[in-house]
Amino acid sequence: MLAPGELRTAPGTERVTGLTIDSRRVQPGDLFVAVGAGVDFADDALGAGAAAALLPEDAFGALAAIGHAVRSKSRARVVGITGSIAKTSTKDILGALCRPQLRTVVAEGSQNNEVGLPLTLGRLEEDTEAAILELGMRGVGQIAELCETAQPEIGVITKIGPVHLELLGTIERVAQAKAELIRALPPGGTAVVPAGDPYLEPYLDRDDIEVIRFGPGGDVQLLSFTPLGDGSTVEVDAFGQRLVLEFPFAARHNATNALAALGAYRALGLPLAEAHRGAADVKLSRWRGEEVPLPGGGLLINDAYNANPLSMVAALEHLAERAGGRRRVAVLGDMAELGPGAPGYHRDVGEAAAAAGVQALVAVGPLARGYLEGGVPLTRWGETAADGLSALREILEPGDCVLLKGSRSVGLEAIADALAVVPA
């Protein structure tokens, strides 16, 4: 049996057409796989139209086996994307670029683990031509396991930096874990990596794969970035070809993500001259630079999905660029999983906030106290998101440009919900 366990089938079931672990999202023909407490909802799933319900002995093993089986039967070309930052945004951009050219399945949100990745593979159809997957990790060996399931032929690594140090200890170990994607590529595959990254170079020694580099000195380079309202014009040199693309994002760091996406787009054999067709349709996942108007012409930048030192600095630079003449206010939560060096990383980000011209800073969480040492003129601290909201209300003025950024554990999106207003 592919996935040992109890299989309950609906009367008349002939074939399964989808995969889910949530009985509330069952579509007719789905296979419902019970994960954890999901065993209590198997009958609900069947009642909602599921073709079958699997109560597996090993839920994660079952999902991996099912995802692998679907992938093995598919002719789709699979792109796996990982990195210390920008996995999801790069995935979103690449998906948009591919859709006008190929029948494409893209991972939803941040479905990047032993549950989310098989669910994405479960969406492959007979006519799917490209699958854009995100691969997350918390330690060595996990990306290798995801690759066993997904069998990517193109691998994108966005950036190597200080993440998951609590488990991995050093940035070199982070690179080792991320580079499992490169090792997993088949002969003839393609690795898309940042140009000149010293942490990745030791893993780029395979002579049976193509290596595409993006960024300064690479095969795909940014020539210019011009913000235009809520969007931007991005000029690129891609493999010696000049491209001008219009994107619906205003953050400069997303232009770098677009370079990585263009590298994978080229690896898929798609014509660079046609990349503009999908560029305008990029839709980033939730809480990645979402913009909401505030009273008095103010602006809220909700980038609260997650945070690490690299993404914090990028978000602060975007705040400085987006604020224009408005007062710059940053609400910054803890950065999690940084290990013993966490206090120093938080102090560094506080200094980056001051360098970006932040005039008022609200720090949220125990580690976030370190931000207060960076030299921002006006500061407040709160232990929780609720405390942070109260502190922000004390100092917020009409017309401010406000950035929200922190690790998921802090839950800063609650502040965005409290501040959101409907445009007049």
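Going by Cα centres, the range 382-423 and the range 151-183 are how many Å apart?
Spelled out, the Cα-based centre of one part sits 32 Å from the other.
Order 277-289, 78-90 from most to least packed using the mean count of other Cβ atoms within 10 Å. Don't skip to the end; give the middle numbers.
Working: 277-289: 17.6, 78-90: 26.5.
With the highest mean Cβ count within 10 Å placed first, the list reads 78-90, 277-289.
Given axes a ≥ b ≥ c from the Cα gyration tensor, I'd like to know whether the range 96-166 is rounded (a/c under 1.5), prolate (a/b larger than b/c) or oblate.
Working: a/c = 2.27, a/b = 1.71, b/c = 1.33.
Prolate, since a/c reaches 1.5 and a/b exceeds b/c.
Distance between Cα centroids, the range 16-57 to the range 227-256: provide it in whole Å.
42 Å
Using Cβ contacts closer than 10 Å as the measure, can you line up H318, H164 from fewest to most?
On the way: H318 23, H164 20.
Going from sparsest to densest Cβ surroundings: H164, H318.
Between E274 and F239, 0.36 nm times their residue separation minus their Cα-Cα distance comes to what?
Values: separation 35, 0.36 × 35 = 12.60 nm, distance 1.45 nm.
Length difference between fully extended and current span is 11.2 nm.
Can you tell me what share of the DSSP beta bridges in the range 1-88 is antiparallel? A percent to the nearest 5 is fine. It would help to have the intermediate numbers written out before the result.
Details: 5 of 11 bridges.
Close to 45 percent.
Under a 5 Å amide H to amide H cut-off, with H placed in plane at 1.01 Å, what residues pair with G365 once short-range neighbours are removed?
Excluding prolines and chain starts, which carry no amide H, the hits are G382, E383, T384.
Which of T233, V35, P377 sits closest to the plus end of the dipole of the chain, meaning its Cα is farthest towards the positive end, when Lys and Arg get +1 and Asp and Glu get -1 on the C-beta?
Towards the positive end, the residue furthest out is T233.
Can you tell me the 0 to 90 degree angle between the C-alpha axis of helix 87-98 and the longest principal axis of the chain, rounded to 10?
Its long axis makes an angle of about 70 degrees.
Does anyone have the angle between helix 309-323 and the longest principal axis of the chain? Alpha-carbon axes, 0 to 90°, nearest 10?
Computed tilt is about 60 degrees.
Would you please give the FRET efficiency between R99 and A69, computed as 1/(1 + (r/R0)^6) with r the Cβ-Cβ distance and R0 = 25 Å, to the nearest 0.05? Walk me through the numbers before you get to the answer.
Details: r = 26 Å, r/R0 = 1.03.
Computed FRET efficiency for R99 and A69: 0.45.
Roughly what angle does helix 252-267 make with the longest principal axis of the chain, taking Cα atoms, 0 to 90 degrees, to the nearest 10?
The two axes meet at around 30 degrees.
In the neighborhood of R252, defined by Cβ-to-Cβ distances under 10 Å, what is the net charge if each Lys or Arg adds +1 and each Asp or Glu adds -1? Before the final figure, lay out the partial values.
Numbers: positive: R322; negative: E317, E321.
So the environment of R252 carries a net charge of -1.
Under 15 Å from a point 7 Å along the Cα-to-Cβ line of L55: which residues of the range 2-43 have their amide N that close?
Those under the cut-off are 4-10, 32-43.
To make sure I understand, if each residue's beta carbon is the centre and we count other beta carbons within 10 Å, what order do T20, T158 fall in, fewest to most?
Values: T20 19, T158 27.
By the 10 Å Cβ count, ascending, the order reads T20, T158.
How would the range 62-279 be classified by its alpha-carbon gyration tensor: rounded, prolate or oblate, with rounded meaning a/c under 1.5 and the a/b versus b/c comparison settling the rest?
Values: a/c = 1.58, a/b = 1.20, b/c = 1.31.
Verdict is oblate for the range 62-279.
Under a point-charge model restricted to the Cβ atoms of Lys and Arg (+1) and Asp and Glu (-1), what is the dipole moment magnitude of the range 5-57 relative to its Cα centre, in debye to the nearest 20? The partial results should precede the final answer.
Details: 4 positive and 8 negative charges, 36 e Å.
Dipole of the range 5-57, to the nearest 20 debye: 180 debye.
Which of the trypsin sites (Lys or Arg not before Pro) found in the range 206-242 are in a DSSP loop and have at most 14 neighbouring Cβ atoms, other than their own, within 10 Å?
Values: sites: R206, R213, R242; in loops: R206.
Qualifying residues, ordered by number: R206.
So what is the 222 nm mean residue ellipticity for the chain from helices alone, if each DSSP H run of at least 4 adds -39500 (n - 2.57) and you divide by all residues, rounding to the nearest 500 deg cm²/dmol? Could the numbers behind the result be given before it?
Numbers: 14 runs with 132 residues, N = 424.
Computed ellipticity for the chain at 222 nm equals -9000 deg cm²/dmol.
Residue by residue, what Karplus-based ³J(HN,Hα) values in Hz, rounded to whole numbers, does the range 40-45 have, using 6.51, -1.76 and 1.60 with θ = phi - 60° and x for Gly and Pro?
Residue by residue, the range 40-45 yields 6, 10, 4, 5, 4, 5 Hz.
How long are the semi-axes of the equivalent ellipsoid of the chain, defined as square roots of 5 times the Cα gyration tensor eigenvalues? Whole Å, largest first.
Numbers: eigenvalues 261, 145, 92 Å².
The three semi-axes for the chain are 36, 27, 21 Å.
Please rank F247, F60, fewest neighbouring Cβ atoms within 10 Å first, as an exposure proxy.
Numbers: F247 23, F60 15.
Listing F247, F60 from fewest to most nearby Cβ atoms yields F60, F247.
Taking a virtual spin label 7 Å from the Cα of L228 along the C-beta vector, which residues in the range 271-292 bring their backbone nitrogen under 15 Å of it?
Only 276-282 fall inside the zone, counting backbone N under 15 Å.
Starting from the Cα-Cα distance between D127 and R25, subtract it from 0.36 nm times their residue separation and give me the gain in nm to one decimal.
That works out to 34.4 nm of additional length.
When a/c is below 1.5 the answer is rounded, else prolate if a/b is larger than b/c, else oblate, so apply that to the range 76-118 with a ≥ b ≥ c taken from the square roots of the Cα gyration tensor eigenvalues. Please report the intermediate quantities before stating the final value.
On the way: a/c = 2.09, a/b = 1.38, b/c = 1.52.
The shape class here is oblate.
Bear in mind that the values in this text are calculations on the coordinates, not laboratory data. Source: prediction; values computed, not measured. Cβ atoms come from the backbone with ideal geometry, glycine included; neighbour counts cover every protein chain shown.
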